[in-house]
Structures are given as structure tokens and as C-alpha cells.
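Novice: Would you mind keeping the following structure in view while I ask a few things?
Every number in this text was worked out from the coordinates using simple rules, so none of it is lab data. If you're wondering where the values come from, they're calculated on a predicted model, not measured in any experiment. Positions of Cβ are generated from backbone atoms using ideal geometry, with glycine treated the same way; all protein chains shown enter the neighbour counts.
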Amino acid sequence: MAAAIAVAAGVPAFAAPPALNSIAPDFALKAVDGRNVRLSEYRGEPVVLHFWASWCGPCRESVAALDALGVSSGTPVLGVNLDGADRSAAVADSLHLKSPTLVDAQQSVARTYDVAKLPLTLLLDAEGRVRASWSGVPADLSALTPQLERLRQD
């Protein structure tokens, strides 16, 4: 099943996301609102990075929950959508997302991050290190929230 998801997403089937405590690779993508967003612009504060696609039910559930968490906590949540720009914008609008939805239609960032299963959620600390990750399942908000709080206090 995971291989089928990875193949459908156009990413390698047996890759792995960045290891815990490694620095998340920097990237720049265009958001659905037209602005360019670079991950490194968020250094100095914790960030939730979430790879998703509109055809993935758990992804849509996760992105909405993470968006709400970001709004309530003031934490940047960057949603990297693997659909085309029009589809990404339509789904972000239908879900009423407030956080940036970044378009990775060519899946170049997904390949850099070795996204093998969707959704992929990474919690990054203020230096850009991966502190937690969830691959192929929605992020566990009961685990993510206290970790995020600890990072915000550091």
C-alpha cells in the first residue's frame, strides 16, 4: 500500500525522510497566494512542515488539524502540497486554511525530503533540526503539542 501511495505521488517507494536531529534541507516554493516562501526564513522559531496531496484522505484531515494548531499556537505550519497550483489553491480554499500552502507540483522538494508515504509531518526546532516526524499517518497532535510547547520555551 505504501509503495502504491509513493508511486502515485511520484516519489521513491523506499526512501526515508530526514533523520531526527538532522537539519531539514532548505527550499523555496511558491505559495498559492503567489508569494515565494523559503524554509530558512522561519529559522529562529519552531515550524511544522507537512507534505500532503488532495487525493489523500488522511492528508486532508491532517492539514486541517495542523492549520488549526498553527493558528491557535502561533506556530508556522507550512503545508507542502504535491498537486498542481490550481488544485492546491482550490483545496486550501475549500478547507479554509490560514497557513501557507506551498505548491510542489514537480515534487522536487518531496524528492529532497525522500517523502515515501503521505502525509509526512516534521516538527522542526528553531535551528531547523528535525525533532519529530510522522510518515504515512496523521500527525499525533497529542504528542506534537507538548513537543512544540517545549521547543517554543527553548
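Novice: Among Leu120, Leu97, rank each residue by its count of other Cβ atoms within 10 Å, from fewest to most, as a rough exposure measure.
Specialist: Arranged by neighbour count, lowest to highest, Leu120, Leu97 become Leu97, Leu120.
Novice: For a footprinting-style exposure proxy, rank Val47, Val80 by other Cβ within 10 Å, fewest first.
Specialist: Val47, Val80
Novice: Here are some values of mean projected area of the Cα convex hull in nm²: (1) 7.9; (2) 11.2; (3) 9.0. Which one was computed from this structure?
Specialist: So the calculated entry is the one marked (1).
Novice: Still on this structure, I have one more. Arrange the peptides 21-30, 51-60 so that the one whose residues have, on average, the most other Cβ atoms within 10 Å appears first.
Specialist: Output ranking for 21-30, 51-60: 51-60, 21-30.
Novice: Could I ask something else about it? Can you give me the long-range amide H partners of Ala24? Hydrogens built in the peptide plane at 1.01 Å from N, cutoff under 5 Å, separation of 5 or more residues or another chain.
Specialist: Placed amide hydrogens put Arg129, Val130 under 5 Å from Ala24.
Novice: Would you please put 99-109, 83-93 in order of how densely packed they are, using the mean number of other Cβ atoms within 10 angstrom per residue and starting with the highest?
Specialist: Ranking the peptides 99-109, 83-93 by packing returns 99-109, 83-93.
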